[in-house]
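Reviewing the structure listed below.
The values are calculated or read from the model by the stated rules, or taken from the named source; none is laboratory data. Because the structure is predicted, anything quoted here is derived from the model rather than measured. Please note: Cβ atoms are built from the backbone with ideal geometry, for glycine as well, and neighbour counts cover all protein chains shown.
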Amino acid sequence: MTAFEETPRRPRAQDVAALIGLLAVLERQVWASDSESDDIPHWVDRLARRLARDGLLPVDSGTQELRQTLGNLNQRLRYVLGEYDDPQTMP
């Protein structure tokens, strides 16, 4: 069963591609915010809380776990676009 068969409403490929790009930008920004100072920007904390609320990130996770979660979500969206035949073969 493909990812599209699992979803009753298929997203547009352009929308998924845009989300992949957005996740990549967010991941880079989290990297930058983590390396610039000990103060984590408020938006990073809000993003982590949102992902935790959606069950994608454990509560009380650090920026490393947040970056990994964003990267994993990005890869799952790439699977939706058909860049991987099987989610088990994703990097």
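Quick rundown of the values:
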{"read-out": "Candidate set: region 60-71, residues that are part of a loop (DSSP other than H, G, I, E, B) and free of Cβ contacts under 8 Å to residues at least 12 places away in the same chain; chosen: the one surrounded by the most Cβ atoms within 10 Å (Cβ to Cβ)", "value": "GLY62"}
{"read-out": "Which listed residue is part of a helix (DSSP H, G or I) and at pLDDT 90 or above, from LEU57, LEU47", "value": "LEU47"}
{"read-out": "Some residue of region 9-17 being out of contact with any Ser or Thr (no Cβ under 8 Å at 6 or more places or on another chain), modelled with pLDDT under 90 and either surrounded by fewer than 15 Cβ atoms within 10 Å (Cβ to Cβ) or among the hydrophobic types (A, V, I, L, M, F, W, C) (or both)", "value": "yes"}
{"read-out": "Pair list, Cβ under 9 Å, 6 or more apart: region 18-30 residue farther than 16 Å from TRP43 by Cα, other residue surrounded by fewer than 18 Cβ atoms within 10 Å (Cβ to Cβ) and at pLDDT below 90", "value": "LEU19/PRO11; ILE20/LEU81"}
{"read-out": "Pick from region 72-88, criterion in contact with a helix residue (DSSP H, G or I) (Cβ under 9 Å, 6 or more places away or on another chain), of a type outside the set (Lys, Arg) and in a helix (DSSP H, G or I), ranking: modelled with the lowest pLDDT", "value": "PRO87"}
